[in-house]
1. Can you tell me how many residues within the stretch A:171-181 are of a type outside the set (A, V, I, L, M, F, W, C), surrounded by fewer than 23 Cβ atoms within 10 Å (Cβ to Cβ) and facing chain B (nearest Cβ under 9 Å)?
2. Might you let me know whether the stretch B:56-65 holds any residue that is farther than 24 Å from C:THR68 by Cα, at pLDDT below 95 and surrounded by fewer than 24 Cβ atoms within 10 Å (Cβ to Cβ)?
3. Quick check, is A:VAL235 among the β-branched types (Val, Ile, Thr), out of contact with any Pro (no Cβ under 7 Å at 6 or more places or on another chain) and within 14 Å of chain B (Cβ to nearest Cβ)?
4. Quick one: would you say A:TRP196 is of a type in the set (Phe, Trp, Tyr), in a helix (DSSP H, G or I), buried (at least 18 other Cβ atoms within 10 Å of the Cβ) and away from every other protein chain (no Cβ under 13 Å)?
5. Hey, A:GLN78 hits all of (1) touching a residue at least 12 places away in the same chain (Cβ under 8 Å); (2) more than 30 Å from B:LEU80 (Cα to Cα); (3) under 23 Å from the mean Cα position of the chain (by Cα) but one; which does it fall short on?
6. Among A:ARG187, A:ARG168, which is of a type in the set (D, E, K, R) and away from chain B (no Cβ under 14 Å)?
7. So which residues in the stretch B:46-96 are away from chain C (no Cβ under 13 Å), β-branched (Val, Ile, Thr) and in contact (Cβ under 8 Å) with a residue 60 or more places away in the chain, if there are any at all?
8. I'd like to check something: does the stretch B:109-124 contain any residue that is within 22 Å of B:GLY292 (Cα to Cα) and among the small types (Gly, Ala, Ser)?
Amino acid sequence: MATDPKDNTTLQLLHFTLQMADNALINGHRLSEWCGHGPVLEQDIALSNIALDHIGQARSLYQYAASICNGINSENRQHLFASTSLNQKISKGEMIDEDDLAYLRDAWDFRNVLLVEQPNTDWAFTVARSFYFDSFNFLFLSVLQNSSDSTIAAIAEKSLKEVNYHLRWSSEWIIRLGDGTTESHQRIQDALNDRWCFTGELFQATDADVAMNAQGVGVDISMIKQQWLEQIQSVLNEATLSLPTGVWMQEGGKQTRHSEHLGYLLAEMQFMQRAYPHMQW
Amino acid sequence: MTTKSFQEHFDKQIENEVSIEPRDWMPDDYRKTLIRQISQHAHSEIVGMLPEGNWITRAPSLRRKCVLLAKVQDEGGHGLYLYSAAETLGISRDEMIEQLHSGKAKYSSIFNYPTITWADMGAIGWLVDGAAIMNQVPLCRTSYGPYARAMVRVCKEESFHQRQGYEIMMTLANGTEVQKKMAQDALNRWWWPSIMMFGPSDADSPHTVQSMKWRIKRFSNDELRQKFIDVTVEQAKLIGLTVPDPDLKWNEATGHYDFGKINWDEFWNVVKGNGPCNKERLQARQKAWNDGAWVRDAAVAHAQKRKFKETPKSKSEAA
Amino acid sequence: MKNIFHRYGDYGDREAAGGENTHHDTSNEWPLWEVFIRSKAGLDHKHAGSLHAADANMAIENARDVYTRRMEGVSIWVVESKYVHASDPADAEMLYEPANDKIYRHPTFYNLPDELKHM
């Protein structure tokens, strides 16, 4: 098959799967940075649980993405990624796995939204980031569990149970901080305002989103935007916080154009695979 | 009952291996020793999250990343169980944390050594957790009920920790030249600190006799150390690693390994705060605690507001 | 009389714990909760341990995160530790020993012929 890979449904499915997988991995990685440094032991443990959920979801999705890659014919498989070490492996005819996708791609092959790669900064910024993302993720997965792709549907269904809890956790912290002390109110409002500009991208459909929605595999993300806003608004009301008013939205993550943060995150995360390549751990 | 008869009752409980429970009468020294021992143990779990936490973000595969995160999280859980056990003695967790941050309370010195390579995750799981288990299993039968119950839970969870550590070492030892070198290097650095974890020699351990009488310690430091060395040397052989002790030799007569002289100067120096990472470890704990103060305060403030809001509602419902 | 607010449930004597600790300000600490877990449907909730949380919701969630990481439970109860009332160990003789000689409450007290079935 020598068709242009851009028209190829398989390629769009791969990109769609990687969008989700990368969101899960980068988000999980960020949350795992809290381990051992949380404000109180119980919440340290809670956050590690959430991070483990995300990394677990990432693994399922990467395994699926790897099987999609491995199923593409060898000629088209050469051009799937920009990153050298992954391409070398593919051009040797080797099958790739979850770890190759996580550890051998550079930032320009990552498809996560900019929101999840933003640094933890402090508890308020972490909660704000999680709240925006969890609210989206919950609605997204609720629809996605009806995907016509049975693997995606199964992963979505399993993940949804976890994300339901994540959303409760982040919403409750929004309320606690918003309706807590004067200081916490100010801090969480600032964090929400600051991270607001990264929420537009959540609802921006990529080619992969459009193609997968047309196939019944994906989600019409424009449809869930209104629900997302209502959900956010209702939690913010209870938290005595206001919905940020900024209109300028950052974008690019889903198109593999990232903020500077991702490069540092990957440099750390991929250190072992880069320094000691081609080994089993 | 008079204090004397209280004491007699307590002694009888101890002698008959009956657990002491929080509201039972106990000698002040017993209570204080327990608070010191349990909180020190809890602090070790919490500070112990840091050296391994270093590598969560750098774990070489997604599987290793999950395992390590779950393991470090477990240590947090173990700290929590132990703080809870100490709290039944009448001290609050915040007080214990203050004692840690002020330097008044100690934690296991082993965590003042740096984790330099990935192989250190293997060495810590295998050696440090291995040594900890040697110490902890007998404590499941310690005389103080809440402590014993906490230790049962800890030991149940801990068993995966040592296995995952050994698995890391085994993978490295079966790997490439550089991986073998990494594994041996980690063993070289962690061996001696691990065997020092059992504490000073019995001759220099003045509290041992009393603690054993109270059954809050069930074997002496030297007994446990010997047991650890005997099993660990065999485990090292199994994966082709060399224990860094030229004097190590099997002794037919005793049925144990003889081992070289332990550098107690180093041990006491690290205890005193001169280890490679003492400052960093304590600063990391203080920073987490101080940075979290506004978060903890907010949660308390919110809970109070909510209680206040809900009170009149429930009253009107009742009316 | 000793401050009873520091002696609830399974908690020991705060004053006996000693010295400077007695004057520690605990007002801003998250309260302590006792956690009870039902390991599977059909069984009782059993005391699992304790933890700190700012409110009941958080206590349940913290209990889930701390005490059910290995599929230990299907249901959680939490109660703020200060609301647990406990019997005094000093009353143990009075409370529990009188039952010792009432062995006729146990089925094994009764000597019946082996031929007797279904009883």
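1. 2
2. The first filter runs over the stretch B:56-65 and keeps only residues farther than 24 Å from C:THR68 by Cα, leaving B:57-61.
Narrowing further to those that are at pLDDT below 95: none.
Scanning the stretch B:56-65 turns up no residue that is farther than 24 Å from C:THR68 by Cα, at pLDDT below 95 and surrounded by fewer than 24 Cβ atoms within 10 Å (Cβ to Cβ).
3. Answer is yes for this residue.
4. Values: of a type in the set (Phe, Trp, Tyr): yes; in a helix (DSSP H, G or I): yes; buried (at least 18 other Cβ atoms within 10 Å of the Cβ): yes; away from every other protein chain (no Cβ under 13 Å): yes.
Criteria met by A:TRP196.
5. (3)
6. On inspection, the qualifying residue turns out to be A:ARG168.
7. Correct list: B:ILE46, B:VAL47, B:VAL67.
8. Taking every residue of the stretch B:109-124 in turn, none turns out to be within 22 Å of B:GLY292 (Cα to Cα) and among the small types (Gly, Ala, Ser).
The values are calculated or read from the model by the stated rules, or taken from the named source; none is laboratory data. Just so it is clear, the structure is predicted and the values come from calculations on it, not from any experiment. When we count neighbours, we look across all protein chains shown, and the Cβ atoms used for this are built from the backbone with ideal geometry, even at glycine.
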